[in-house]
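Note sheet for the following structure.
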Amino acid sequence: MTRITVSPEDQLKELKRGAFEILPEEELLKKLKKSFDKQKPLVIKFGADPSRPDIHLGHTVVLQKLRLLQDFGHEIYFLIGDYTAQIGDPTGKNKTRPILTEADVMLNAQTYKEQVGKVLDMSKTNVVFNKDWLGKFSGLDLIKLMSRATVGAILQRDDFSKRYTNAEAIYLHEFVYPILQGYDSVHLKADLELGGTDQTFNLMMGRHLQYSYEQEAQCILTMPLIEGTDGVNKMSKSMDNYISLTETPTNMFGKLMSISDELMKKYYLLLSRKPSQEVEAYVAALTAGTIHPMEAKKSLAAEITGYYHGEAAGKEERDKFEARFTKKQIPDDIQTINKPAGAINLLDLFLELELIKSKGDGRRLIQQNAVKVNFENHAAESLNLEAGSEVILKIGKLRMLKIIVA
């Protein structure tokens, strides 16, 4: 068993960084103190939905808190909801989640475990499946469990409440989901459960049921949902603003460099694994303007890329980025085209080469001084090409183009 050496107060400080809510915080500190004094690790629960097996950086916000707790010496139970996934749960879009077959669930669960291993130390992680205990329930067992919660309490869940108010269908099997998920906490005798802010109700149900079964109730820690590369919407595949853990090092680094300076501060707080004091100092320096945002962003991109591809890969991508975009060096693999001498419309060219999605996007880039000709800002939509010349175009932070003029 790993010895717990970090003080309860310091553990709580690190856990609070970037957290949305800890309920109740005083109770968690008591649990941490008791754990430290008795050198008995807390039982930490995290439930994973195997219907969505592809993991992106948004998911790692919670996973990294689990890794932190694991490094402190606590016992992590990574619970794959293979049983509950076959029941279904309402999504944030107010539609019931499709019910998966057992084969689908197990295939997705294996994919999930492989990706989670990029964050957690799987040799110290207890991977459990709730079918092992929920699958043994008889009909009478289920009815007895459901008698421990009221319809009124279930309808307090925001999604159910909205659908009920709008006279939209709510199926009885949906009511069962949070109760079964809550029972998982009873079975594991969890001390702390983690999840996103969209899971608060389900996490609190676990606490309620533990009280009902006369157990010491778990505390809950919720983490905010992180915006994707567009800086507006929650990171998700459907919005095409996600950074997958399976991205190539180059793509991961490049996507991280594309985020806004303001969003970068949130990424530092939620995605960096450096100590809180160091991260807070970095964010304060960014706010005060004593560190250049570009330098901070390159450091963060290298750090995160290094987590998933190795520290050397993170450093290599930073060096490549600086050679390509910061030090005005031209990469060997630059996209090259031939054009006759004369005036060209840059927006038409960018659209033709799929460097922009629309002329509106191109105009915004020009207005933001994000289009450069031979590394100098270019404020016009047209460009005059002189015979026999070579022109280097830089579009945004990540795209370069060489034009050879006939």
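Just a few scattered comments:
- Using the Cβ-Cβ distance between Asn251 and Glu214 with R0 set to 41 Å, the FRET efficiency works out to roughly 0.20.
- Segment 1-29 versus segment 123-159: alpha-carbon centroid distance in Å: 27 Å
- Cross-link pairs beyond the 32 Å C-alpha cut-off, checked among Lys162/Lys397; Lys40/Lys234; Lys65/Lys315; Lys136/Lys274: Lys162/Lys397; Lys40/Lys234; Lys136/Lys274
- Relative to the current alpha-carbon distance between Lys136 and Glu114, full extension at 0.36 nm per residue lengthens the span by 5.2 nm.
- Using alpha carbons only: equivalent-ellipsoid semi-axes of segment 110-197, gyration tensor based, whole Å: 29, 19, 12
- Note on segment 8-223: semi-axes of the ellipsoid equivalent to its C-alpha gyration tensor, largest first and rounded to whole Å, are 27, 20, 17.
- Label positions at Glu21 and Glu311, each projected 7 Å from the Cα along the C-beta direction, are separated by 3.9 nm.
- Rounded to the nearest whole Hz, the Karplus-based 3J(HN,Hα) values (6.51 cos²θ - 1.76 cosθ + 1.60, θ = phi - 60°) of segment 199-205 follow the sequence 10, 4, 4, 5, 5, 5, 5, with x at glycine and proline.
- Interatomic Cα distance distribution for the chain, bins of 20 angstrom, percent: 23, 48, 24, 6, 0
- Measuring max minus min along each principal axis, the C-alpha atoms of segment 32-80 give extents of 39, 19, 11 Å (largest first).
- Within the chain, antiparallel bridges make up roughly 45 percent of the DSSP beta bridges whose residues both belong there.
- The packing ranking of peptides 171-179, 249-257, highest mean first, is 249-257, 171-179, where packing means the average number of other beta carbon atoms within 10 angstrom of each residue.
- Taking a straight Cα-Cα cut-off under 20 Å and skipping sequence neighbours fewer than 8 places away in the same chain, the aspartates and glutamates within cross-link reach of Lys298 are Glu227, Asp230, Glu247, Asp261, Glu262, Glu278, Glu280, Glu311, Glu316, Glu317, Asp319, Glu322.
- Mean shadow area of segment 254-330, taken as a quarter of the surface of its Cα convex hull (nm²): 5.1 nm²
- According to the Cα-based calculation, Rg over Rh for segment 335-405 is 0.92, with Rh computed by the Kirkwood formula.
- When the convex hull of its Cα atoms is projected in every direction, mean area for segment 122-281 (nm²): 13.3 nm²
- Computed label-point distance, nm, for sites Ala380 and Lys402 using a 7 Å Cα→Cβ extension: 2.5 nm
- Unit charges at the beta carbon, dipole of segment 246-301: most positive-side option, Met294, Ser272, Ala284: Ser272
- For a straight C-alpha distance cut-off of 17 angstrom, the lysines reachable from Lys359 (same-chain residues fewer than eight places away being disregarded) are Lys372, Lys394.
- Applying 0.36 nm per residue to the separation of Ala387 and Lys372 and subtracting their alpha-carbon distance, the gain on full extension is 3.4 nm.
- Förster-model FRET efficiency, 56 Å R0, Glu102 and Ala343, C-beta, rounded to 0.05: 0.30
All of the numbers you see were taken from the coordinates with simple rules; none came from a lab. Since the model is a prediction, treat every value here as computed from it, not as a measurement. Positions of Cβ are backbone-derived with ideal geometry, glycine not excepted, and every protein chain shown enters the neighbour counts.
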